[in-house]
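These notes concern the structure reproduced below.
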Amino acid sequence: MWRPSGIDRSTATFIGLVLLSLVMVTIDLRASGEGLGGTLRDGVQTAFTPVQKAATFVTRPVVGFFEGLSDLVGIRDENRRLRLQVADLERQLAETESLQRRVEELEEILAIEPPGELDTVAARVLATGPSDFDAIRLIDKGRRDGITVDMPVIDEGGLVGRVVAVTETSARVRLITDPTMRVAVRVERTGETGILTGRGGGLLQLEMFNTQAALIEGDLLVTADGRFPAGIPVARVTEKAEAEVGFSLITRAAPEAELSRVDYVKVLVFTSDQVGAPGSEEEEEPVQPPLENGGTETTVGTGTGPGTTLSP
Amino acid sequence: MKWRRTAVAVALVILGAALQTTLFVRLRPFGASPALALLITLAVTRHLGRVPSLLVGFSTGLLLDLLSESALGLWALVLTTVAFATVRLRRRFEDDVTLLVPGVFLISFAALAMYALLGTIFGEQTLADAQVVRKMLLPAVYNVILTPLVLPPITRLIGERGGRPGWDL
């Protein structure tokens, strides 16, 4: 084989492999993850899932041991915090029960059909992405369990993410902390809307559209996005909002789901087609967020309205 | 013999990818995890021939690409570069073992920085990550900590016993 003098075989191979990698990146980006790349991903993920299941089975006790050690450090404070939380939740439960009875009475008087419950599929987290930059989780349920792309995923705290790829036996979930994820939310206390954007991990960025919106620390943010059922807890405001020269309010919020230690999740059998189906709330005008963060498609709406698809 | 070593190397990188994706789902001290697959690639390519080392790096990267949602070829490019750097530097590591630890740190850090930069160029928004420095620095530090646990067993499995025949390929 011809090669320029001075370049040894390994350097020529290196250059060849680099070029091949760049060609693959270009082809995969042009195909938007579909095509041959998508097929290969599905095939390899299907073949690799049993290996990951076996590795999870073997490593779980080791992980449990280290987790137990780290938990010991703050167990006393955690206990005190949980006792306070239980007392608060008991009070809230009593209030909610009373409100629930009133709602049922009013529904009966007004002959309103109560909203139907969504089906869920419980799944276990099998694996994560190959680096800390991948805010994805692999779950052990897939197409044959009724899971499809775009379904919302929650844990006992709130929204975890949404399904972005499915094989027969597994599915990949993109976490809400991913920088490409944007979720339209509503402040439960005031009804004001905004957009939550992932920052790779830790806290999320909340952008409110109304500069007069009053945000206080601890405000709960719930979904108000056409892609998810309305009202799922997403995050809680952690910092007082500061106005950004006349356009919006930007602050930080902590995810309600325990994303760093998520083990079991529920996939909501919900697609955006279900928006406006019987049982959903009355449609409202969608909110138009400012266009930014190029390339990320965001569907926004309030309540369970259909929302508007924005393609910056 | 050469084939046996290559087969063991392939088995090791598959094991590395499996452990990388499963062991660190919840075990993430300070919000980061070791770049184990990268470390195993580095350890394996210390002992294989030059061209097989590059092919192992490329294949490991391709496997990671297929297990992630990043553009196909990004990890392949990064780990091929890791293999190339290791092949070029390994004689120095042999001559002065004290260079191995800083070498592991620098190669791991540079590889993750390269991934972050390429990811941003190709639209993955990796540099938009608020914890980008932490996600490059901590895995490199963890790799240094894991070096005594990972490199010697791999040397025992596929390392040369007397002479370095694979190196001249």
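The values are calculated or read from the model by the stated rules, or taken from the named source; none is laboratory data. Being a predicted model, the structure only gives us computed values, none of them experimental. Reconstructed Cβ throughout: ideal geometry from the backbone, glycine too, with neighbour counts over all protein chains shown. Surface areas here come from the heavy atoms of the whole protein model, side chains and all, with no ligands, DNA or RNA. Shrake-Rupley method; radii C 1.70, N 1.55, O 1.52, S 1.80 Å.
Scanning the range B:1-56 for residues that are β-branched (Val, Ile, Thr), within 11 Å of the chain's Cα centre (by Cα) and under 21 Å from B:Leu67 (Cα atoms) yields a total of 5.
Here's a check for you: in the range A:200-228, which residue that is away from chain B (no Cβ under 14 Å) and in contact with a helix residue (DSSP H, G or I) (Cβ under 8 Å, 6 or more places away or on another chain) is farthest from A:Gly157 (Cα to Cα)? Looking at residues that are away from chain B (no Cβ under 14 Å) and in contact with a helix residue (DSSP H, G or I) (Cβ under 8 Å, 6 or more places away or on another chain), I get A:Gly226.
When we screen B:Val82, B:Val104 for residues that are in contact with a Ser or Thr (Cβ under 7 Å, 6 or more places away or on another chain), free of Cβ contacts under 8 Å to residues at least 60 places away in the same chain and surrounded by 20 or more Cβ atoms within 10 Å (Cβ to Cβ), the only hit is B:Val82. For B:Leu66, the criteria (1) in contact (Cβ under 8 Å) with a residue 40 or more places away in the chain; (2) surrounded by fewer than 24 Cβ atoms within 10 Å (Cβ to Cβ); (3) within 7 Å of chain A (Cβ to nearest Cβ); (4) not β-branched (Val, Ile, Thr) hold in every case but one, which is (1).
Restricting attention to the range B:124-143, the residues being under 16 Å from B:Trp75 (Cα atoms) and at the interface with another protein chain (Cβ under 7 Å from one of its Cβ atoms) number 4. Among what's in the range A:214-230 and is touching a residue at least 24 places away in the same chain (Cβ under 8 Å) and of a type in the set (Gly, Ala, Ser), pick the residue that is most open to solvent (accessible area, probe 1.4 Å). The extreme case among them is A:Ala214.
Could you tell me which residue of the range A:23-38 is farthest from B:Leu64 (Cα to Cα), considering only residues that are more than 7 Å from chain B (Cβ to nearest Cβ) and modelled with pLDDT of 85 or more? Filtering the range A:23-38 for residues that are more than 7 Å from chain B (Cβ to nearest Cβ) and modelled with pLDDT of 85 or more, the one farthest from B:Leu64 (Cα to Cα) comes out as A:Arg30.
For the range A:100-119, filtering for residues that are at pLDDT 75 or above, under 28 Å from A:Lys266 (Cα atoms) and open to solvent by 100 Å² or more (accessible area, probe 1.4 Å) leaves 2. Test A:Ile139 against the criterion of being open to solvent by less than 10 Å² (accessible area, probe 1.4 Å) and more than 28 Å from A:Val237 (Cα to Cα), and give yes or no. Yes; evaluated as a whole, the condition is true for this residue. Taken across the range B:24-43, residues that are open to solvent by 20 Å² or more (accessible area, probe 1.4 Å), closer than 21 Å to A:Phe14 by Cβ and within 7 Å of chain A (Cβ to nearest Cβ) do not occur at all. Against the numbered list (1) touching a residue at least 12 places away in the same chain (Cβ under 8 Å); (2) open to solvent by less than 80 Å² (accessible area, probe 1.4 Å), A:Lys53 comes up short only at (2). I need a count of the residues in the range A:158-186 that are more than 30 Å from A:Lys53 (Cβ to Cβ) and either surrounded by fewer than 24 Cβ atoms within 10 Å (Cβ to Cβ) or not hydrophobic (A, V, I, L, M, F, W, C) (or both). Result for the range A:158-186: 2.
Within the range A:39-50, restricting attention to residues that are without any contact (Cβ under 8 Å) to a residue 24 or more places away in the chain and surrounded by 14 or more Cβ atoms within 10 Å (Cβ to Cβ), which residue is nearest to the other protein chains (Cβ to nearest Cβ)? So the residue we want is A:Val44.
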